[in-house]
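Data first, discussion second: the structure below is written as structure tokens.
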Amino acid sequence: MPSTTTAPETESPRPERPGFGRTFTRYLTEANSVMVTIYSLLLAFAIGALLIIVSDPSVRRAWGYFLNRPSDALSFSWQAVSTAYRDLFEGAILDIGRLQEFFDGTATLAQVLRPISETLTYATPLIFTGLAVGLAFRAGLFNIGGHGQFIFGMLGALIVGFATDLPPLLHVPLALAAGALAGGIFGAVPGVLKAKTGAHEVISSIMLNNIATYFLLWALSTTFIHSLTSQELVSKPVDISARLPRLLGWAGSGLRVSVGLLIALALAAGIWWLLRKSTFGYRIRAVGANPHAAQTAGIDMGRTFITTMGVSGALAGIGGGALVLGLNPYTVNPGTVAEFGFDGITVALLGRAHPGGIVAAALLFGALKSGTLHMQPAIPVEMSTLLQAVIVLFIAAPALVKTLLHLRTPRGGLNTLEARGW
């Protein structure tokens, strides 16, 4: 029989791996979490620039004769926008002119550090409340009650701060612990209601916010808490032994940022460890990812809801305590709480409920607040709120950013944060 020969097998060519440039370009044109966040910021500042142009009378007049002299409209628009955003940067980070004065010997170091100190001061409470909302998000819960938890934490720290006489090494931790306990108990209430009755945490926490607000007004009117020297609705000041030290006090007076910032950063690191390395964090992530599968695997849903909301409330409560213990005049009035509880929701959304992202988002919002105050009276202070709102709008709707910029859908689909149970 004739012998048969087989052709030698040829190796199939290996697919070429895309180079760095191609991979990076693909990443930039994809609607992933990082790029959606970056593009949301850029779109928000672009919309802010348009509003600055529209609100400036001289720029509007220049656009009125655009066809005759287009250079006037473009140059005036650029000058208005660049000046506004330069003032925003100088009010939030560093005033270049003041830095030059410092080197010339006509300005102090405290004046140079004041912008960054104000940014960090505004950002500190937002880190606490952002972590509170973000932790609940990871369990599929929407903790909209950070406002009330912040108030109760503030009151708990205040009472321990002025009603007890202790050395500083004990007084400060005890006051912060009281704030955490008060905020944690108040935060656990929606968790208990959800676990035992099925009541949604959004509805119950909104009602508890109102209860906390009116409780604060009542508490400030009592003889136990009301100031002994003022007729206004303001509390007694906390003792000196319970006040948090200034972080930049060595640089001079007027720098308000306190050690509360370091506590906030430490808690952010602790929450990261809790979520990634602990059994409790695994239960939180499992319930948030798929509650039915988590329940089938034996995870106690009710217990997870209660403990998560309790820890979330404690984080907001520590934020309230750090505020009253760290800022002059170390008292509480109806305006002290501001909107830190509600702004924490936007911070958690922008940070994608990740502790590192929450810290970065809080710093951004703190910079917007500090910088916008520096931009007055040319730019209204509401510009900060507007920029925050637009940023959150795009962050919460990645499909909108994808459509506007014609981005590609990532392999895993669009990443959105969800609170389950509606």
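Working from label points 7 Å from Cα in the Cα-to-Cβ sense, the Phe215 to Ala397 distance is 3.6 nm. Projecting label points 7 angstrom from Cα along Cα→Cβ for Ala266 and Gln79 puts them 5.2 nm apart. Read through the labelled values [x] 23, 49, 22, 4, 2, 0; [y] 23, 36, 20, 18, 3; [z] 26, 56, 18, 0 and report the label of the one computed as P(r) over Cα pairs in 20 Å bins from 0, in percent from the structure. Matching the structure shown: [x]. Taking 0.36 nm per residue of separation and subtracting the current Cα-Cα distance, fully stretching the chain between Leu174 and Leu233 would add 18.7 nm. For the chain, the solvent-accessible area with a 1.4 angstrom probe is 51 square angstrom per residue. On the beta carbon distance between Ile206 and Phe89, with R0 = 30 Å, the FRET formula returns roughly 0.25.
The residue among Leu327, Leu176, Phe128 whose Cα reaches farthest toward the positive pole of the charge dipole of the stretch 124-366, with charges on the beta-carbon of Lys, Arg, Asp and Glu, is Phe128. Need one word for the stretch 124-366: rounded, prolate or oblate. Basis is the Cα gyration tensor (sqrt eigenvalues a ≥ b ≥ c); a/c below 1.5 gives rounded, then a/b vs b/c decides. Prolate, because a/c is 1.5 or more and a/b exceeds b/c. Can you compute the label reach from Phe224? Point 7 Å from Cα along the Cβ direction, backbone N cut-off under 16 Å, restricted to the stretch 139-154. Within reach of a label on Phe224, which here means backbone N under 16 Å from a point 7 Å along Cα→Cβ, the stretch 139-154 contributes 152-154. In a reduced charge model with +1 at each Lys and Arg Cβ and -1 at each Asp and Glu Cβ, the stretch 262-375 shows a dipole moment near 360 debye about its Cα centre. Lysine pairs in the chain whose alpha-carbon atoms fall under 29 angstrom of each other, counting only those eight or more residues apart or on distinct chains, come to 4. Between the listed residues Ala163, Gly148, Ile284, the Cα displaced farthest toward the positive end of the dipole of the stretch 124-366, a dipole computed from Cβ unit charges relative to the Cα centre, is found at Ile284. Helices meeting the span-like rule in the chain (full DSSP H runs, Cα extent of at least 27 Å along the helix axis, mean Kyte-Doolittle score of -1.0 or higher): 33-55, 70-92, 109-138, 168-197, 201-221, 301-326, 355-375. Surface composition of the stretch 124-366: carbon and sulfur atoms hold 68% of the protein heavy-atom accessible area at a 1.4 Å probe. Packing, taken as the mean count of other beta carbons within 10 Å per residue, orders the peptides 232-240, 304-312 from highest to lowest as 304-312, 232-240. Length gained on full extension, Ile47 to Trp273: 77.6 nm, using 0.36 nm per residue less the C-alpha separation. Applying 1/(1 + (r/R0)^6) with R0 = 56 Å to the Cβ-Cβ distance of Arg285 and Asn68 gives a FRET efficiency near 0.35. Sequence-distant contacts, meaning Cα pairs under 8 Å at least 6 residues apart, place the relative contact order of the chain at 29 percent.
The values are calculated or read from the model by the stated rules, or taken from the named source; none is laboratory data. Predicted, not measured: the structure shown is a model, and the values here were computed from it. Using ideal geometry, Cβ is built from the backbone for each residue, glycine included, and neighbour counts are taken over all protein chains shown. The area values use the complete protein model at the heavy-atom level, side chains included, leaving out ligands, DNA and RNA. Shrake-Rupley method; radii C 1.70, N 1.55, O 1.52, S 1.80 Å.
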